[in-house]
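The values are calculated or read from the model by the stated rules, or taken from the named source; none is laboratory data. Bear in mind the structure is a predicted one, so any value in this text is a computation, not a measurement. No Cβ is skipped: glycine too gets one built from the backbone with ideal geometry, and neighbour counts run over all protein chains shown. These area figures cover heavy atoms from the full protein model, side chains too; ligands, DNA and RNA do not enter into them. Shrake-Rupley method; radii C 1.70, N 1.55, O 1.52, S 1.80 Å.
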Amino acid sequence: MARYLLTRVGQSIVTIFLSSMVVFAGMRLLPGDPAVSLAGEEATPARIAAIRAEYGLDRPVWVQYATFLRNSLHGDFGRSLRTGTPVSELIRSTLPVTLWLAAYALLISVVVGLILGVVAERFRGRWPEWGANLVAMVGLSVPSFWLGLLAILFLSVDHHVFPASGYVPMMQDPARSLYHLTLPALVLALALAAVVMRQTRASMIATMQSDYVRTARAKGLRRGRVLVRYGLRNSLIVVVTIVGLQLGGLISGAVVTESIFGLPGFGKLTLNSVFSRDYPVVQAVVLLITVGYVLINLAVDALYSVINPRIRVAGAV
């Protein structure tokens, strides 16, 4: 186990390094000059040259990358080209919003998806399964931006159940913070809940038809106990994998969701930075997202053997 984790950590470091190179080079390949965007179209060449020198844009690309990599290891991502604010401060002020939103949406999606998956397997060919499949179909087919607009119109404007916008820090007032995050979390969670439901249903159907489940039923175990002890537990392997892979969807979905609901989060910061060609912010954002992906995949691999002791992460089963 320790040897495997050390190998995965080494692979993760290489992945992060290569990703940082790709992002850094990709930003430089975009058309346009950020110094001109910052100074304005009517700025003098001297002003544009001064901005390039101030932000290090006049140095060779490899020098800029080496400086970015060295400073990133110390938590210094430079200053925003658009506002002049340290990028680390922008991240500290926006990242908690997205993390709370993603965690809330993840909790909702896993709970709802597991319940609907179990119901769909338990009542195959009956109306509960049809209802669960309908929810999954809506979650997979309806765009999140359209669902968000409908949710605001129906639950905020017409019936005043949830606020249409606004954010309260979790540490300031947890209850009000969850109240403001509930509607965007529901919108963000629906697609992931649909995926979890479909995968849970398929996995449980296969598990409940296996020989050891038939043996357990023949010994007199009740169907409900077999469903939870064998079917649901074995299905968690699939669910953990799906959740790990779909967390990126929560981050990308948060860009749209935060814009619709006016949340000052990480996704909105990313969107504004891309549009304004704010190199330091985009580089820091993508680097942090990459690190998050790597850590999540590492945690998913480690959880396999915890959920099912028969699985060994080194490859033996």
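If only one of Leu155, Leu95, Leu149, Leu101 is farther than 17 Å from Ser259 by Cα and touching a residue at least 12 places away in the same chain (Cβ under 8 Å), which one is it? Exactly one residue qualifies, and that residue is Leu155. Of the residues making up the range 58-80, those that are without any contact (Cβ under 8 Å) to a residue 60 or more places away in the chain and in a loop (DSSP other than H, G, I, E, B) number 6. Of all residues being without any contact (Cβ under 8 Å) to a residue 60 or more places away in the chain and of a type outside the set (Ser, Thr, Tyr) in the range 229-242, which is surrounded by the fewest Cβ atoms within 10 Å (Cβ to Cβ)? Just the residue, please. Selected residue: Arg229.
Cβ-Cβ distances below 8 Å connect the following pairs, each with a first residue in the range 42-55 that is free of Cβ contacts under 8 Å to residues at least 40 places away in the same chain and in a helix (DSSP H, G or I), a second residue that is hydrophobic (A, V, I, L, M, F, W, C) and open to solvent by 50 Å² or more (accessible area, probe 1.4 Å), and a separation of six or more residues or different chains: Ile51/Leu38.
Are there any pairs with C-beta distances below 6 angstrom linking a residue in the range 250-261 that is open to solvent by 10 Å² or more (accessible area, probe 1.4 Å) to a residue that is modelled with pLDDT of 85 or more, with the two at least 6 apart or on different chains, and if so which? So the pair list comes out as Gly253/Leu188; Ile260/Gly148. Selection of the range 82-131 for residues being more than 23 Å from Val226 (Cβ to Cβ), aromatic (Phe, Trp, Tyr) and surrounded by 14 or more Cβ atoms within 10 Å (Cβ to Cβ) yields Trp100, Tyr104.
Are any residues in the range 163-194 open to solvent by less than 30 Å² (accessible area, probe 1.4 Å) and either touching a strand residue (DSSP E or B) at 6+ places or on another chain (Cβ under 8 Å) or hydrophobic (A, V, I, L, M, F, W, C) (or both), and if so, which ones? Val168, Met170, Leu181, Leu183, Ala185, Val187, Leu188, Ala189, Leu192, Ala193, Ala194, listed by residue number. Scanning the range 265-297 for residues that are in contact with an Asp or Glu (Cβ under 9 Å, 6 or more places away or on another chain) and in a loop (DSSP other than H, G, I, E, B) yields Gly265, Arg277. With respect to the conditions (1) at pLDDT 70 or above; (2) in contact with a helix residue (DSSP H, G or I) (Cβ under 8 Å, 6 or more places away or on another chain); (3) open to solvent by 20 Å² or more (accessible area, probe 1.4 Å); (4) closer than 22 Å to Ala189 by Cβ, Val291 lacks only one, and its number is (4).
Only one residue in Ala202, Ala218 is free of Cβ contacts under 8 Å to residues at least 60 places away in the same chain, under 25 Å from the mean Cα position of the chain (by Cα) and farther than 28 Å from Leu95 by Cα. Which one?
Ala202
Taken together, the residues in the range 136-180 that are modelled with pLDDT of 85 or more, polar (S, T, N, Q) and either in contact with a Pro (Cβ under 6 Å, 6 or more places away or on another chain) or not in a helix (DSSP H, G or I) (or both) amount to 1.
How many residues does the range 200-226 hold that are surrounded by fewer than 19 Cβ atoms within 10 Å (Cβ to Cβ) and either among the small types (Gly, Ala, Ser) or closer than 17 Å to Glu129 by Cα (or both)?
Residues that pass the stated criteria total 8.
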